[in-house]
Amino acid sequence: MEIAAHPDDIELWCGGTLARAVDAGAQVRLLLVTSGDKGSADPDADPASVATTRENEAREAARVLGLADIAFLRWRDGEVENTHELRGEMVAWIRAWRPDVLFTHDPEHPEPPYLRHRDHVVAGRAALDAVYPLARDPLAFPEQRAQGLTSHKVGEIWLFASAVANRAVDIGKTLEQKIAARLEHESQTSDREAMIARWRKRAFQTGTPFSLTAAETFTVLTID
Ligand SMILES: [Zn+2]
């Protein structure tokens, strides 16, 4: 399971890894906190239609990556807060989808450290709070039992956009699939060729310290 702040977040940081997981037989499901309704340079754009466009793009990108499911919490872009309500929504989806592994933004050591998007840090922190201990503890959000949502223990958390990453994944076989997924976000793409070149270079630079031609990196936490 993946919890990300915006519709085009996962492709950059873990699209290649998720595609690899799907190839290996995993079922991957994506929960998006916002639908990116601020994602337009046009001051006259309607945020609701921006969100609709971006949800459709996210569905297409998810299809390219082979994801099994995608759901939207529809918090306002740029206004995500780590509240009881948000944590409860995340806990409900964790209890519904029951993942072994959860991917989300590194909220404690974000990369880049200063100019990171606030939603990334808040969504990542709320996701960690939702996994541990809330989704695990049956007395947290007990009203969810009435909907058949029982407690669930996640085994590992893989944090992306992490300045202290300790795990590299070889994405040599899925790099082009990752880029193709990103290009489905047409409203967020001005120069396709420049983006393709930039993303190939980034994957190469990330892999170089690990002797890989293309990589994504993570901070992996094991929950006992
Ligand atoms: Zn984002």
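No value in this document is a laboratory result; all are computed from the given coordinates. Fair warning: this is a prediction, and the values are worked out from it, not measured in the lab. Reconstructed Cβ throughout: ideal geometry from the backbone, glycine too, with neighbour counts over all protein chains shown.
Figures for the structure shown
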| item | result |
| --- | --- |
| Lysines with Cα under 24 Å of residue 173, excluding same-chain neighbours fewer than 8 positions away | 201 |
| Per-residue Cβ neighbour rank within 10 angstrom, fewest leading, 97, 13 | 97, 13 |
| Span from the region 9-48 Cα centroid across to the region 188-224 one, whole angstrom | 16 Å |
| Relative contact order of the chain, pairs being alpha-carbon contacts under 8 Å that are 6 or more residues apart, as % | 26 percent |
